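Participant: Let me give you the structure first, and then I'll get to my questions.
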Amino acid sequence: FLESGIELTDKTVGFLPAVALAKISKELKHWNASGTSFNNVSDRPRNVNQRADKRELEIMERFRRNPKLDRVAELYIDDQGREMLQYAKPVWVEKYCLKCHGPKSGAPSAIRARYDTAYDYKVGELRGVLSIRLPAQLMSQRAKGHFWTTLIITSVTFLAVFVLIALLISHFGARPLTLVSSAMERVATQSGPVPEIDRAGLNG
């Protein structure tokens, strides 16, 4: 967005990914009642709606202690007694982030006028986490649906392969056996000349 050359003002600041994601996250509960939520959160937020809670702060400390940790996914019980899946991925400060999160004096004027916090970051520091929460029951239902879909597809595939093998055996195996049986009957009854056995059929 910044590299596009669009002037950053109070009207266009909403196009910044972090700002837009916070607005989408806030509206999510109005059209999704499953309990699913997501947001970019930080211990130094510019928006009160993006302040990390106790669990998310603890996860941020884990990422700081172990920078090689790529993600966190764990179950927990929320305040309403529901089993939830917490997924979190770290947001590390990159060079382009410093345009808005470096020294305040170097930030765009619209950012300086709008925010007094979250400046003076350095490349490689942890800015926050992408936090996603899903009801464990919802995940379980989807996993069961996936299991039955996979089972049906596998069963149909196995049946098709079984029928194909049966047809091949019938075509390439039963015909030579029929010729051998017919020849043996003719020899036993001496009812006529012994037919020449198709050796290619026997070998095929």
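Participant: So, of the residues in the stretch 35-67 that are at pLDDT 95 or above and farther than 30 Å from Ile111 by Cβ, which turns out to be nearest to the chain's Cα centre (by Cα)?
Facilitator: Asn66
Participant: Then there is this: What about Ser25, is it among the hydroxyl-bearing types (Ser, Thr, Tyr), more than 22 Å from the chain's Cα centre (by Cα) and open to solvent by less than 30 Å² (accessible area, probe 1.4 Å)?
Facilitator: Numbers: among the hydroxyl-bearing types (Ser, Thr, Tyr): yes; more than 22 Å from the chain's Cα centre (by Cα): no; open to solvent by less than 30 Å² (accessible area, probe 1.4 Å): yes.
So Ser25 fails the test.
Participant: Could you figure out which of (1) touching a helix residue (DSSP H, G or I) at 6+ places or on another chain (Cβ under 8 Å); (2) in contact (Cβ under 8 Å) with a residue 24 or more places away in the chain isn't true of Arg112?
Facilitator: (2)
Participant: What pairs can you find where one residue is in the stretch 1-25 and closer than 18 Å to Ala118 by Cβ and basic (Lys, Arg), the other is open to solvent by less than 40 Å² (accessible area, probe 1.4 Å) and part of a helix (DSSP H, G or I), and their Cβ atoms are less than 6 Å apart, with a gap of 6+ or different chains?
Facilitator: Close Cβ pairs (under 6 Å, with a partner that is open to solvent by less than 40 Å² (accessible area, probe 1.4 Å) and part of a helix (DSSP H, G or I)) do not exist here.
Participant: Determine if the stretch 74-88 includes at least one residue that is more than 21 Å from Asp120 (Cα to Cα), assigned to a strand (DSSP E or B), of a type in the set (A, V, I, L, M, F, W, C) and touching a Phe, Trp or Tyr at 6+ places or on another chain (Cβ under 7 Å).
Facilitator: Yes, some residue in the stretch 74-88 is more than 21 Å from Asp120 (Cα to Cα), assigned to a strand (DSSP E or B), of a type in the set (A, V, I, L, M, F, W, C) and touching a Phe, Trp or Tyr at 6+ places or on another chain (Cβ under 7 Å).
Participant: Consider only pairs whose beta carbons are under 9 Å apart and that are at least six residues apart or on different chains; among these, list those whose first residue lies in the stretch 77-98 and is farther than 18 Å from Glu56 by Cα and whose second residue is basic (Lys, Arg) and open to solvent by less than 50 Å² (accessible area, probe 1.4 Å).
Facilitator: From residues that are farther than 18 Å from Glu56 by Cα, the pairs are Cys97/Arg127.
Participant: Please identify the pairs in which a residue from the stretch 49-70 that is open to solvent by less than 80 Å² (accessible area, probe 1.4 Å) has its Cβ atom under 8 Å from the Cβ atom of a residue that is in a helix (DSSP H, G or I), counting only partners at least 6 apart or on another chain.
Facilitator: Cβ pairs passing all conditions: Gln50/Ala18; Gln50/Ala22; Ala52/Met60; Leu69/Arg62; Leu69/Phe63.
Participant: Evaluate the following for Asp43: is it exposed (fewer than 12 other Cβ atoms within 10 Å of the Cβ), under 17 Å from Asp116 (Cβ atoms) and in contact with a helix residue (DSSP H, G or I) (Cβ under 7 Å, 6 or more places away or on another chain)?
Facilitator: no
Participant: Here's something else I'd like to know. Among the residues of the stretch 89-102, write down those that are open to solvent by 90 Å² or more (accessible area, probe 1.4 Å) and either in a loop (DSSP other than H, G, I, E, B) or not aromatic (Phe, Trp, Tyr) (or both).
Facilitator: Glu94, Lys95
Participant: Just checking, does the stretch 110-126 include any residue being open to solvent by less than 90 Å² (accessible area, probe 1.4 Å), at positive phi and modelled with pLDDT of 65 or more?
Facilitator: Yes, the stretch 110-126 has at least one match.
Participant: Next up: Checking the structure you have, find out if any residue of the stretch 32-40 is in contact (Cβ under 8 Å) with a residue 60 or more places away in the chain, within 22 Å of Asp116 (Cβ to Cβ) and of a type outside the set (Val, Ile, Thr).
Facilitator: For the stretch 32-40, residues in contact (Cβ under 8 Å) with a residue 60 or more places away in the chain, within 22 Å of Asp116 (Cβ to Cβ) and of a type outside the set (Val, Ile, Thr): present.
The values are calculated or read from the model by the stated rules, or taken from the named source; none is laboratory data. Given the structure is predicted, the values throughout are model-derived calculations rather than measurements. Neighbour counts run over all protein chains shown; Cβ positions are idealised from the backbone, glycine included. When the accessible area is computed, the model is the full protein with side chains, heavy atoms only, and any ligands, DNA or RNA have been set aside. Shrake-Rupley method; radii C 1.70, N 1.55, O 1.52, S 1.80 Å.
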